[in-house]
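The values are calculated or read from the model by the stated rules, or taken from the named source; none is laboratory data. Computed from a prediction, not measured in an experiment: that's the story for all the values here. Reconstructed Cβ throughout: ideal geometry from the backbone, glycine too, with neighbour counts over all protein chains shown.
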Ligand SMILES: [Zn+2]
């Protein structure tokens, strides 16, 4: 078997190695992306596990450090590529949603560009070094530093290739989060895929996005959910010993709605994550800086609060909460 190379990391069969993908400077400074490769002793799929697309979502980041420690390449079939922290500028500056240098959301600029700003160059590096080499991908997120969240996964029902869609659904069920958002609205254009997992999916590689953890705190439970999910996907793919497991009673979320703020001011939520709400129920109030009401935010549907912003700072057009309709 040929070695697997990602950035400066070169793994031979039976090895686990780490290194960096270099993102050279252009209009703004360069950065690098820490990656690890575990290469098994026998053939099998190449699974990419990505954390830290948003730098203030640390539960998957800490989880993939544990996955690296627990992975034994001697009993692995195939190869696992771990992107330990995709967005180092955002991680080190502890920014929410957007990178600190270019103000762009890394998960809105895929597949990226080699001569764009740093977020676009990071996306390009992940597309060419990781997504182009993998067979399937899990992009692991959590509630951002300002968001309370109940764990869920996104199943991208793209409609380009039903076999790829079906496999992605199996991966979502295998990861183990019992609430699964059905998303049919992601772009189909390979040159404008916007999202990391969608970039793989459009290229015929089954992919899911997972959300487990909240408010910038990697609790033991949130880390454990992410570690367990990564190994469960490896088991589904036949990469490690053990019977595949799947969520037995998934709660499908369809439709769902991300509510955005109609104005800039201070946000006063009155619901929490995982709370059931009915259509028209008050989710919170937006006030100006003096405390005078600007708007009441109400749920557009009967369902569940998947995440809600719990810090007061609120800009016009920013997410306030995500609600989804549930069915078993
Ligand atoms: Zn995220």
Residues located in the stretch 68-109, provided they are assigned to a helix (DSSP H, G or I), within 16 Å of the ligand (Cβ to nearest atom), touching a strand residue (DSSP E or B) at 6+ places or on another chain (Cβ under 7 Å) and without any contact (Cβ under 8 Å) to a residue 60 or more places away in the chain:
88, 89
Take residue 61 and tell me if it is part of a strand (DSSP E or B) and touching a strand residue (DSSP E or B) at 6+ places or on another chain (Cβ under 6 Å).
no
Among the residues of the stretch 286-314 satisfying the criterion of being in a loop (DSSP other than H, G, I, E, B) and under 23 Å from the mean Cα position of the chain (by Cα), which is nearest to residue 252 (Cα to Cα)?
310
Is it the case that residue 169 is more than 30 Å from residue 32 (Cβ to Cβ) and in contact with a strand residue (DSSP E or B) (Cβ under 6 Å, 6 or more places away or on another chain)?
yes
Out of all the residues in the stretch 7-26, is one or more within 15 Å of the ligand (Cβ to nearest atom) and not in a helix (DSSP H, G or I)?
no
Qualifying position, being away from the ligand (no atom under 16 Å from the Cβ) and closer than 18 Å to residue 51 by Cβ, among 112, 116:
112
Among the residues in the stretch 181-190, are any buried (at least 20 other Cβ atoms within 10 Å of the Cβ), in a strand (DSSP E or B) and at pLDDT 95 or above?
yes
Those residues of the stretch 119-145 which are touching a strand residue (DSSP E or B) at 6+ places or on another chain (Cβ under 8 Å) and away from the ligand (no atom under 16 Å from the Cβ), in sequence order
121, 125, 127, 129, 130, 131, 133, 134, 135, 136
Looking only at the stretch 252-285, count every residue that is in contact (Cβ under 8 Å) with a residue 40 or more places away in the chain, surrounded by fewer than 18 Cβ atoms within 10 Å (Cβ to Cβ) and outside any loop (DSSP other than H, G, I, E, B) and tell me the total.
8
Name the residues in the stretch 8-21 that are touching a helix residue (DSSP H, G or I) at 6+ places or on another chain (Cβ under 6 Å) and closer than 18 Å to residue 132 by Cβ, would you?
21
Restricting attention to the stretch 40-52, does a residue exist that is more than 27 Å from residue 1 (Cβ to Cβ), in a loop (DSSP other than H, G, I, E, B) and within 16 Å of the ligand (Cβ to nearest atom)?
yes
Filter pass, residue 11 being surrounded by 15 or more Cβ atoms within 10 Å (Cβ to Cβ) and within 27 Å of residue 204 (Cα to Cα)
yes
